[in-house]
Amino acid sequence: TGHTLRMLALPEFLDGFLGKLLALRARLGGLAQTIQSVLGGGEAAGRRADAVGSALSALESFRGRIGAVRELLADDERTSFLVVTVPTALGAA
């Protein structure tokens, strides 16, 4: 069904999304540092930079785990797919 197909496609979607997000951050990172150095940020700027660095590390770690899930789902030696249905009464007119 559609829900199952979306679930199976989720690791690929998340990998692409996180890849674009990290690439955008890499492009904008230099600009942010330039603005902070011009405006002067002091200690608050350092804390923000640390928080952003921590968040980027967490995203990269999450991206790695998503890659492992994608590989697991694609490995037919370790995974299988079993369709389970719930019987319901159908309304017939």
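Before moving on, here are some points about what is shown:
- Enumeration of residues in the stretch 54-78 that are of a type outside the set (G, A, S) and either assigned to a helix (DSSP H, G or I) or surrounded by 13 or more Cβ atoms within 10 Å (Cβ to Cβ) (or both): L56, L59, E60, F62, R63, R65, I66, V69, R70, E71, L72, L73
- Looking across A44, A23, A51, one residue alone is open to solvent by less than 80 Å² (accessible area, probe 1.4 Å), assigned to a helix (DSSP H, G or I), out of contact with any Pro (no Cβ under 7 Å at 6 or more places or on another chain) and at pLDDT 80 or above. It is A23.
- Any pair with Cβ under 8 angstrom, 6 or more apart, that starts in the stretch 64-93 at a residue that is under 24 Å from G2 (Cβ atoms) and ends at one that is assigned to a loop (DSSP other than H, G, I, E, B): L72/R78; L72/T79; L73/T79
The values are calculated or read from the model by the stated rules, or taken from the named source; none is laboratory data. These numbers come from a predicted model, not from an experiment. Here the Cβ is made from the backbone with ideal geometry for all residues, glycine too, and neighbour counts use every protein chain on show. The protein model used for the area step is the full one, side chains on, heavy atoms only, and it has no ligands, DNA or RNA in it. Shrake-Rupley method; radii C 1.70, N 1.55, O 1.52, S 1.80 Å.
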